[in-house]
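One structure below.
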Amino acid sequence: MTQCFLVRPTPLFRESYLDALREGLSVGGRRVYDAMEIAAVEQDFAGHLAGLDRDGQSPVAFGERMLPSVPANAFWLIDGARFIGGITIRARIDTHLLAHFSGHLGYGVRPSMQGRGYGKRQLALALDICRGMGIGIARLSCDVDNVASRRVIEANGGLLLRQCAPSWFAETAYLLYEIPLI
């Protein structure tokens, strides 16, 4: 790991980002993009980048349900000139789904770069942004069997609130954490 930093999504890292999607990048539990979706991203990259930030005005599809949205901003972890991972920060989590399952942050590291400390660094940088946004306690979750994500969260001060059973929005049991930022 050289000099890592977070940037707003930009066309500067287009090819590296597309390579990460082809590898199977998943950010915040979103399923992996299939070949047709990656082709659509390639065709309208500017539109894709604009869609990474949500203004909270439009409902979001979650399976077959349409759920209320909240404002969210995407950031990319860059190492040198290479896209490593992505993280989304929600300024508020005032919907049932976000408060009890997902939380303020959702992140992922491209498969070829996992296990090298990038997830830990990415979350630490994002928590600094959360502090700047006035978030006093960041909430986030991960699947019970996602040991790597648990380590990333706990290494950044994550305190386990509870283990939650599968439900309509989570196919498997998951862990809900909070990280005090003040």
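The values are calculated or read from the model by the stated rules, or taken from the named source; none is laboratory data. As the structure is a computational prediction, the values presented were derived from the model and not from experiment. Cβ coordinates were reconstructed from backbone atoms using ideal geometry, including for glycine residues, and neighbour counts include every protein chain displayed.
A few points about this structure:
- When Ala91 is tested against (1) surrounded by fewer than 18 Cβ atoms within 10 Å (Cβ to Cβ); (2) under 30 Å from Arg22 (Cβ atoms), exactly one condition is not met: (2).
- Arg116 vs. criteria charged (D, E, K, R) and either at pLDDT 90 or above or under 18 Å from the mean Cα position of the chain (by Cα) (or both): yes
- Every residue from the stretch 25-38 that is surrounded by 12 or more Cβ atoms within 10 Å (Cβ to Cβ) and either modelled with pLDDT of 95 or more or under 14 Å from the mean Cα position of the chain (by Cα) (or both): Leu25, Ser26, Val27, Gly28, Gly29, Arg30, Val32
- Number of residues in the stretch 1-16 that are part of a helix (DSSP H, G or I) and out of contact with any Leu (no Cβ under 8 Å at 6 or more places or on another chain): the value is 5.
- The stretch 160-182 residues that are over 20 Å from Gly136 (Cβ atoms) and assigned to a strand (DSSP E or B), paired with ones that are modelled with pLDDT of 85 or more and polar (S, T, N, Q) (beta carbon under 8 Å, 6 or more apart): Cys164/Ser141; Tyr174/Ser141; Tyr174/Gln163; Leu175/Ser141; Leu175/Gln163
- Residue check: Gly157 meets all listed conditions (1) in a loop (DSSP other than H, G, I, E, B); (2) within 17 Å of Val27 (Cα to Cα); (3) not charged (D, E, K, R) but one, namely (2).
- Within the stretch 105-124, residues that are assigned to a helix (DSSP H, G or I) reach partners that are buried (at least 22 other Cβ atoms within 10 Å of the Cβ) and among the hydroxyl-bearing types (Ser, Thr, Tyr) with beta carbons closer than 9 Å, at six or more positions or on different chains, in the pairs Gly119/Tyr107; Gly119/Ser149; Gln122/Tyr107; Leu123/Tyr107.
- When the residues of the stretch 128-149 are filtered to those that are in a helix (DSSP H, G or I) and in contact with a Gly (Cβ under 8 Å, 6 or more places away or on another chain), the one that is nearest to Ile93 (Cα to Cα) is Ser149.
- The set of residues in the stretch 145-182 being surrounded by 15 or more Cβ atoms within 10 Å (Cβ to Cβ) and in contact with a Lys or Arg (Cβ under 6 Å, 6 or more places away or on another chain) consists of Val152, Leu176, Glu178, Leu181.
- Filtered residues of the stretch 5-24 (kept if closer than 15 Å to Leu77 by Cβ and more than 17 Å from the chain's Cα centre (by Cα)): Leu12, Phe13, Ser16, Asp19
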